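What follows is one structure encoded as structure tokens, with my remarks underneath.
Every number here is computed from the coordinates shown, using simple stated rules; none is lab data. Keep in mind the model is a prediction, meaning the values are calculated, not measured. Every residue, glycine among them, receives a Cβ derived from its backbone with ideal geometry; neighbour counts consider all protein chains shown.
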Amino acid sequence: MTNPLRLGMLTPSSNTILEPVTSAMLAGMPEATAHFGRFRVTEISLSDQALAQFDLEPMLTAADLLADAHCDALCWNGTSAGWLGFDKDVALCEAIEARTGIKASSSVLALSEIFKLAGVRTFGLVTPYIDDVQTGIIENFRSEGYDCVAERHLGVKVNFDFALTTPDQLREMIRDVAQAKPDGIVILCTNLAGAALAEEMEPEIGIPIYDSISTAVWGALRAAGVPPRHIEGWGRLFTDLGDL
């Protein structure tokens, strides 16, 4: 690859993890750059106010501004479809493409595609969320044909605070859900520093780890027509499914 590649990421306003991690992930692709458009997200819960944060118009406005940067693909680098329903991200991506003419993807839709390609039917779930959000995620994934056989969550609803979760906390949660021997382990939140743990922990537990920031980058590259294999050192997602 020699031509510039610009990936536009729709970003929750209080997220401090996904931008540096996405940029680090793309560091081995000097022709690729990530560009971020924020819209306000501060709380993750099922209250009306929190759910309204994911209305289409603020997200489309952020997409419009990213389109000004001539991005090759746009991606919703967030996990709200986990508790709102996968159809929300389908509608969002369709609306972005209709409005900007740019191919769109999302972290959750990419994860669903990854599950299909990898043959994942059972998964372990690691999140920072509160009880009813976690339950909603498990139910939505079940409706899509994926069975959560083990889960851990931290009971936090302030989006900024998710980033304060330590790598050791995440390691403990990953090891806990790995005991159920799922087909894959999902770290579902793009404000958790879990992506780098895939390369470290997959040899230990023998199970692929699918972090939400990683799935967003994987999906954005595919939307831009670039094989994800160009990402190195970030786990089995990019080695096992890098050419698909």
| query | If each residue's Cβ is checked for other Cβ atoms within 10 Å, how do Ile231, Ile187 rank with the fewest at the top? | reply | Ile231, Ile187
| said: Taking θ = phi - 60°, what integer Hz values does the Karplus form 6.51 cos²θ - 1.76 cosθ + 1.60 yield along the range 164-176, in sequence order, with x for Gly and Pro? | reply: 7, 4, 8, x, 5, 4, 5, 4, 4, 5, 4, 5, 4
| In Å, descending, principal axis extents of the Cα set of the chain | 46, 42, 32
| query | In sequence order, what are the phi-derived ³J(HN,Hα) couplings for the range 200-213 according to the Karplus relation 6.51 cos²θ - 1.76 cosθ + 1.60 with θ = phi - 60°, rounded to whole Hz, with x for glycine and proline? | reply | 6, 9, 4, x, 5, 9, x, 9, x, 10, 10, 7, 5, 5
| field | Sequence-distant residues sharing a close amide H with Tyr129 (under 5 Å, placed H) | value | Leu154, Gly155, Val156
| If packing is taken as the mean number of other Cβ atoms within 10 Å per residue, what is the order of 58-65, 126-133, 69-76, highest first? | 69-76, 126-133, 58-65
| So what are the ³J(HN,Hα) numbers for the range 143-159, from phi and the Karplus equation (6.51, -1.76, 1.60; θ = phi - 60°), rounded to whole Hz, Gly and Pro as x? | 5, 8, x, 10, 9, 7, 9, 7, 8, 9, 8, 9, x, 10, 10, 7, 4
| said: For the range 5-67, what does the relative contact order come out to in percent, with C-alpha contacts under 8 Å and a separation of six or more? | reply: 40 percent
| query | What trypsin sites (Lys or Arg not before Pro) in the range 13-115 are in a loop by DSSP, with at most 13 other Cβ atoms within 10 Å of the Cβ? | reply | Arg40
| message | Taking amide H atoms as placed 1.01 Å from N in the peptide plane, list the residues 5 or more away in sequence, or in a different chain, whose amide H sits under 5 Å from that of Gly37. | response | Met9, Leu10, Thr11
| note | Hits in the range 174-197: amide N under 17 Å from the 7 Å Cα→Cβ extension of Leu164, namely 191-193
| query | Sequence-distant or interchain residues sharing an amide H contact under 5 Å with Val186, placed H: which? | reply | Gly124, Leu125, Val126, Tyr210
| query | In which sequence would Ile213, Ile185 go, from the one with the fewest C-beta neighbours within 10 Å to the one with the most? | reply | Ile185, Ile213
| query | Which lysines have a Cα less than 28 Å from the Cα of Lys103, not counting those fewer than 8 places away in the same chain? | reply | Lys88, Lys116
| request: Treating only the Cβ atoms of Lys and Arg (+1) and Asp and Glu (-1) as charged, compute the dipole magnitude of the chain about its Cα centre; round to the nearest 20 debye. | output: 240 debye
| message | In the range 5-24, whose amide N lies under 12 Å from the spot 7 Å out along Cα-to-Cβ of Arg40? List them in ranges. | response | 13-14
| field | For the chain, with +1 on Lys and Arg beta carbons and -1 on Asp and Glu, the positive-most of Asn191, Gly233, Leu92 along the dipole | value | Gly233
| message | How high is the relative contact order of the range 110-211? Use alpha-carbon pairs under 8 Å, at least six apart in sequence, and give a whole percent. | response | 31 percent
| said: If I take every Cα pair under 8 Å that is 6 or more residues apart in the chain, average their sequence separation and divide by the length, what percent do I get for the relative contact order? | reply: 22 percent
